[in-house]
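Undergrad: Please see the structure below; I have some questions.
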Amino acid sequence: MRDFIERGFMGIEFVNKLPTPAEIREQFPLPAHLAKAKGARDEEIKKVFTGESDKFLVIIGPCSADNEDSVCEYVNLLAPVADQVKDRLILIPRIYTNKPRTTGEGYKGMVHQPDPEKKPDMYEGILAIRRMHMRVLSETGMSTADEMLYPENLRYLSDMMSYIAVGARSVENQQHRLTVSGCDVPCGMKNPTSGDLSVMLNAIVAAQQEHTFIFRGWEVRTDGNPYTHAILRGSVNKHGQNQPNYHYEDLMLLHRLYHERNLQNVACIVDANHSNSDKQYQEQIRIAKEVMHSRRYSPEIKGFVKGLMIESYLEPGSQKIGEHCYGKSITDPCLGWEDSKRLIFEIAESL
C-alpha cells in the first residue's frame, strides 16, 4: 500500500529493479590481468597531475559512445598511435555512455538506450556499457574515460576507468562533489555553462576533502581525491552566445585563482570542443595548437595545463539518429579519424 501511495503521489512508475554494481561485477568480472593493466595506467596518469611526469594527456574519442563496434574500431586505431607517442603523450579513450541533455530531450547515451533507435532499457544499457568498456580495455590495453552523470552508477564502470569527468550542468551538485571525493582516479570538474570559475573551484575544494554522506543507501566515508582538477570548456553568456575560455589570459587567470585556494596538485585540462569551439568541430585543431603555444610561451601554463579533451570519431561531423553512417556522431559533431591522428602527432611534436 505504501508503495502504491508513493507512486501515485510522486508520479513515478517503478519499471524494473536494477542490479547493484556488486551484482553486475560478479556476473561480468574484470579479469585479473586487465585489472593489473588498468592499475598501471592509473599510476602513470596520476603522476602527470602530481608533476612527477611531464607527459601530456589527450582525452580523445566520440562525443557519445553510441555503438560498440564502431567505438571499439576507433580505439583499435587509436592504440598504435598511442604507442608511437607514449614517450610524450598518454592517450585516454573517451567512452562516454551517459549524455546530459540541456532540455531533457534527445539521446541520453547507451546506458539509457543500448540501441539509439529502440526504446530505453536501463538494464540492457548497464550490461552494454560494461561490456563495451571491458572490450576496449581487453582489445587495446587502454583504460577509459567516462562522464559521471549519475553518481549512483559510478561503480558499474569504476574498475575500468582511469579518468572521470563531471559535466558543466553537474559540477555544482552536492552528490557529484562528494562522490568524486571517494574516487581513486583523476576527476575533472568542468566550469558551469555560466563560466563562473568560482563554482568549479568550489567543486574542486569539496572533492579534495574527506566526507561522510549517503551513497546507494549506505552511510559512507571518503578520504578526499587529491587528483580532482579543473576542465575549461567555455561558457554561454546571457544572450545565449558561446564564449571561449582557453586563451592565454584565461589560463593565467585560472592559474592565479588556483593559487589563492588551498588546493592540491594545481592542474587544468582544456576541452577543445563545446563552447570553446562554438561547436565548430574543426576549430578543435586550431584551439589545441593555441593551447600548446601558450604552454611553450609560459612556464606557469606549461606546468598547469596537463592535457586536452578532443571529440573525435571515425567519420567527421554528426548525423541524425537513423541515418546509419557508421562511426559518425549522433550527438555533437566530431573530428574525423585522419584529422585526429594528424593532430595527435602535432601535439606530441609541439611539446
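The values are calculated or read from the model by the stated rules, or taken from the named source; none is laboratory data. On a predicted model such as this, the values are computed, not experimentally measured, just so you know. Here Cβ is always computed from backbone atoms with ideal geometry, including for glycine, and neighbour counts include all displayed protein chains.
Undergrad: All but one of (1) modelled with pLDDT under 95; (2) among the polar types (S, T, N, Q); (3) buried (at least 24 other Cβ atoms within 10 Å of the Cβ) hold for Ser143, so report the exception by its number.
TA: Only one criterion is unmet by Ser143, namely (1).
Undergrad: Would a scan of the stretch 112-119 turn up a residue that is surrounded by 15 or more Cβ atoms within 10 Å (Cβ to Cβ), more than 17 Å from the chain's Cα centre (by Cα) and assigned to a helix (DSSP H, G or I)?
TA: No: the stretch 112-119 contains no residue that is surrounded by 15 or more Cβ atoms within 10 Å (Cβ to Cβ), more than 17 Å from the chain's Cα centre (by Cα) and assigned to a helix (DSSP H, G or I).
Undergrad: Sticking with this structure for a sec: Inside the stretch 304-317, can you point out the residues that are out of contact with any Gly (no Cβ under 7 Å at 6 or more places or on another chain), over 13 Å from Ile285 (Cα atoms) and buried (at least 21 other Cβ atoms within 10 Å of the Cβ)? Please lay out each step first, then the result.
TA: From the stretch 304-317, those out of contact with any Gly (no Cβ under 7 Å at 6 or more places or on another chain) are 304-311, 317; that's our starting set.
Now narrow it down to the ones that are over 13 Å from Ile285 (Cα atoms): 304-307, 317.
Listed by number, the residues that qualify are Phe304, Val305, Lys306, Gly307.
Undergrad: Lys328 fails exactly one of the following numbered conditions: (1) closer than 29 Å to His229 by Cα; (2) of a type outside the set (Phe, Trp, Tyr); (3) surrounded by 21 or more Cβ atoms within 10 Å (Cβ to Cβ). What is the number of that condition?
TA: Result: Lys328 passes all but (1).
Undergrad: I've got another one for you. Can you pull out every residue in the stretch 268-291 that is within 15 Å of Leu254 (Cβ to Cβ), in a helix (DSSP H, G or I) and of a type outside the set (A, V, I, L, M, F, W, C)? Don't jump to the end; show me each part of the working.
TA: Here is the first cut: in the stretch 268-291, the ones within 15 Å of Leu254 (Cβ to Cβ) are 268-271, 276, 291.
Of the ones still in play, those that are also in a helix (DSSP H, G or I) are 276, 291.
Selection gives Asn276 alone.
Undergrad: Exactly one condition in (1) within 17 Å of Ala165 (Cβ to Cβ); (2) in a loop (DSSP other than H, G, I, E, B) is not met by Thr179; state its number.
TA: All conditions pass for Thr179, except number (2).
Undergrad: Which one of Ser53, Ser70 is free of Cβ contacts under 8 Å to residues at least 24 places away in the same chain and surrounded by 14 or more Cβ atoms within 10 Å (Cβ to Cβ)? It would help to see each step written out before you state the result.
TA: Values: Ser70 fails: free of Cβ contacts under 8 Å to residues at least 24 places away in the same chain.
Matching residue, one of Ser53, Ser70: Ser53.
Undergrad: Got a sec? Which of Val270, Val236 is among the β-branched types (Val, Ile, Thr) and within 17 Å of Arg286 (Cα to Cα)?
TA: Going through Val270, Val236 in turn, just one is among the β-branched types (Val, Ile, Thr) and within 17 Å of Arg286 (Cα to Cα): Val270.
Undergrad: Mind checking which residues of the stretch 84-109 are modelled with pLDDT of 95 or more and surrounded by 18 or more Cβ atoms within 10 Å (Cβ to Cβ)?
TA: Answer for the stretch 84-109, where residues must be modelled with pLDDT of 95 or more and surrounded by 18 or more Cβ atoms within 10 Å (Cβ to Cβ): Val85, Leu89, Ile90, Leu91, Ile92, Pro93, Arg94, Ile95, Tyr96, Thr97.
Undergrad: Within the stretch 293-334, can you find the residues that are in a strand (DSSP E or B) and touching a helix residue (DSSP H, G or I) at 6+ places or on another chain (Cβ under 6 Å)?
TA: Matches in the stretch 293-334: Val305, Lys306, Leu308, Ile310, Ser312.
Undergrad: Determine, yes or no, whether Arg286 is more than 22 Å from Thr228 (Cβ to Cβ), exposed (fewer than 15 other Cβ atoms within 10 Å of the Cβ) and within 22 Å of the chain's Cα centre (by Cα).
TA: Answer is yes for this residue.
Undergrad: When both residues are 6+ apart or on different chains and their Cβ atoms are under 6 Å apart, which pairs have a first residue that lies in the stretch 260-287 and is within 16 Å of Phe304 (Cα to Cα) and modelled with pLDDT of 95 or more, and a second that is part of a loop (DSSP other than H, G, I, E, B) and not hydroxyl-bearing (Ser, Thr, Tyr)?
TA: Asn265/Pro226; Asp271/Arg233
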